[in-house]
Amino acid sequence: MLVFLLGLAFFCPAMIGYAVSWFWQSALRLPGMSWAEARLASDSLRRNPVRSGITVATMVISLAAIFTIAAFVNSVRGSLLAWVDQMVTADLIVSSGARTAGPRNVPLREDLLPALKEIPGVKIVDLYRLIRSSYLGKPILIESFSAQESAPVRTLPMAGGDGMRALKEMGEGKGVIISESFRSKFGKGTNDTVDLVTPSGLIAFKVIGVYIDYSSDSGSVLLDRALYKKYWQDELLDAFDLWLEPGADQQRVIQTIRENYGEQYQLFISTHRELKESVVRIMEQSFVVNYAVEIVAIVVAIFSVINTLLASVLDRTREIGVLRAIGATQAQVRRIVVLEAGWMGLIGGVLGLFAGTVMAYHHVVYNTKELTGWTFQFYYPYGVAIFSVFAAVILCLLAGYGPAKRAASTPIVTAIGYE
C-alpha cells in the first residue's frame, strides 16, 4: 500500500496537467467567475506542475489517511454492532458482581434457575459460563451454554457453514465450535480435532464449525453446557440469558428479579439495548487517538496549500502587476488565487478519495485479519466520502484567502518592478 500511495503521489503533476487540459477543452463555466479568471487560475497549476503536484500529493496522502481511518472505524462499528445483534439475542442478561461475564463477575449457582423460569413473561432461560484455559501453551477461553435449550431463539454468526446446524450438533454433544481467532492462531478448522485440558484429563473434541467472535483475540472454544459439566466438573455459571415472551413487559420482569433476588445474589440486569450502547461507548473511547491523527493530517494539508500559494504569488508578482495594469481589479486577482487553491483542493480531494478507498478496503479486509484473526465486513462510509471532497475544496478555498489578499493588495508599480 505504501508503494501504491507513493506511486499515486509521484504522478500527481501529470494528473494536474490532464485535469487542466480537460477543463480547457470542456469550456466549463464556473458560477460567479468569468472564463478568463478560471483559465488563469488553472494555467498557474499547469505552468508549475511540480510545485502544485507536491501540494496535491500532500493532500492526497493526508486525505487517504483520514479516509482510511474513517472507513476502518465505520467498518469496525458496523461489524461489531451486527455481531452483537447476532451473538447476543437474549432480551435480558442477569449476572452477579459485574454486568458482563468475565474476571470481575461473581459466579452463580443453578439454584436460581427454577425461580427465573417461573417469572411471568419469561420464555427461555439459558446458562452461560466463561473460563480461561490454555491450548498448546497459549491462553484461550472456554465458553458454554445449553444449546438444546436456547437453539430455537439463539443465532450464531458463522465464519463458514450453517449456524443452526452447528448449534444443533453442539447441543447433541457431537463437538465444539471454535472462533475465527482460534482458527487463525492454531490452524484448526471444521472436522479437525482439538485436545483440551480438563480436570478429567486431556479430551479430544471434534470441530463442527467456526464462528465469528470479536470479544477476544486469544481464541475461544464453544461447547454445550452438558459436555462442560461432564469434563470440567463445574456447575457454576456466569450469567443467565433470558428470552421473554412476545409482548411481555420487560421492565416488570426486571423489577421482579431485582425485588425478589437482586440483593440476595447481588445481581446486575442488562438489556440488549444497554449492551449495544456499552459496545459503542467502548469503541468511541478506543478511537479517540484515530480522530487526533485525522486532525493532524488536516492541519498539515492546509499549511501545505497556504505555503504553495504564497510561493505561487511571490513567483507571479510581476504577472499579477501586469494583470492589474491592463485592467484586472483586486477582486478578480483574489478570485484567481482563491480558485487556484480550489483547483488543488478538488484534484487532491478526488485523488485522495480514490487512494483512501483502496487503502481502506485493503486495511479492513486483509491487514486486520492478518493482525487479529478477525474478519470485519467493509462498510463504505458514503457520507464521509462526499463530505471529504467538499471539505477539501472548501478548506483550500479558505486557505487561499490570505495569499489572495496579499496578491491583490500589492501596488501595481511595485509588482511590475519586482525581480
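The values are calculated or read from the model by the stated rules, or taken from the named source; none is laboratory data. Nothing here was measured: the structure is a model prediction, and the numbers come from that model. Cβ coordinates were reconstructed from backbone atoms using ideal geometry, including for glycine residues, and neighbour counts include every protein chain displayed.
Kindly provide the set of residues from region 125-148 that are of a type in the set (A, V, I, L, M) and surrounded by fewer than 20 Cβ atoms within 10 Å (Cβ to Cβ), ordered by number.
If we filter region 125-148 for residues that are of a type in the set (A, V, I, L, M), which is where we start, we get 125, 127, 130-131, 136, 140-142, 147.
Correct list: ILE131, LEU136.
Consider only pairs whose beta carbons are under 7 Å apart and that are at least six residues apart or on different chains; among these, list those whose first residue lies in region 65-77 and is within 16 Å of ARG281 (Cα to Cα) and whose second residue is of a type in the set (Val, Ile, Thr).
SER75/VAL364
Out of the residues in region 288-341 that are of a type in the set (Ser, Thr, Tyr) and farther than 23 Å from VAL60 by Cβ, which is modelled with the lowest pLDDT?
THR317
Write out, first by first residue and then by second, each pair whose Cβ atoms fall under 7 Å of each other, whose residues are 6+ apart or on separate chains, and whose first residue, in region 356-380, is in a loop (DSSP other than H, G, I, E, B) while the second is among the β-branched types (Val, Ile, Thr).
Pairs found: TRP374/THR368; THR375/ILE212; PHE376/VAL76; PHE376/VAL364; PHE376/THR368; PHE378/VAL364; PHE378/VAL365.
Table: residues versus (1) hydrophobic (A, V, I, L, M, F, W, C); (2) surrounded by fewer than 20 Cβ atoms within 10 Å (Cβ to Cβ).
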| residue | (1), (2) |
| --- | --- |
| GLY53 | no, no |
| MET59 | yes, no |
| ALA65 | yes, no |
| THR68 | no, no |
| VAL73 | yes, no |
| LEU81 | yes, yes |
| VAL84 | yes, yes |
| MET87 | yes, yes |
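Which of the residues that make up region 228-254 are part of a loop (DSSP other than H, G, I, E, B), of a type outside the set (A, V, I, L, M) and farther than 23 Å from GLU169 by Cα? Don't jump to the end; show me each part of the working.
Step one: of region 228-254, the residues part of a loop (DSSP other than H, G, I, E, B) are 233-236, 238, 245-249.
Remaining after also requiring of a type outside the set (A, V, I, L, M): 233-235, 238, 245-247, 249.
If the condition is that a residue be part of a loop (DSSP other than H, G, I, E, B), of a type outside the set (A, V, I, L, M) and farther than 23 Å from GLU169 by Cα, then ASP238, GLU245, PRO246, GLY247, ASP249 are the ones that fit.
Considering only residues that are in contact (Cβ under 8 Å) with a residue 24 or more places away in the chain and farther than 21 Å from LYS123 by Cβ, which ones fall in region 239-267?
Residues of region 239-267 that are in contact (Cβ under 8 Å) with a residue 24 or more places away in the chain, as a first pass: 239-245, 248-250, 252-254, 256-257, 260-261, 265-267.
Scanning region 239-267 gives TYR265, GLN266.
Which one of ARG225, ARG258, ARG281 is closer than 24 Å to GLU172 by Cβ and either surrounded by 14 or more Cβ atoms within 10 Å (Cβ to Cβ) or of a type outside the set (Val, Ile, Thr) (or both)?
Values: ARG258 fails: closer than 24 Å to GLU172 by Cβ; ARG281 fails: closer than 24 Å to GLU172 by Cβ.
After applying the criteria, what remains is ARG225.
Please find, among ALA9, ALA70, the residue that is within 30 Å of the chain's Cα centre (by Cα) and at pLDDT 70 or above.
Details: ALA9 fails: at pLDDT 70 or above.
Of ALA9, ALA70, the one residue that is within 30 Å of the chain's Cα centre (by Cα) and at pLDDT 70 or above is ALA70.
If you go through region 50-62 one residue at a time, do you hit one that is in a helix (DSSP H, G or I), among the charged types (D, E, K, R) and farther than 29 Å from VAL279 by Cβ? So that I can check it myself, show each step before the final result.
Taking region 50-62 as the starting set, the residues that turn out to be in a helix (DSSP H, G or I) are 50-62.
Next cut, among the charged types (D, E, K, R) only: 51.
Now narrow it down to the ones that are farther than 29 Å from VAL279 by Cβ: 51.
Yes: region 50-62 contains one or more residues that are in a helix (DSSP H, G or I), among the charged types (D, E, K, R) and farther than 29 Å from VAL279 by Cβ.
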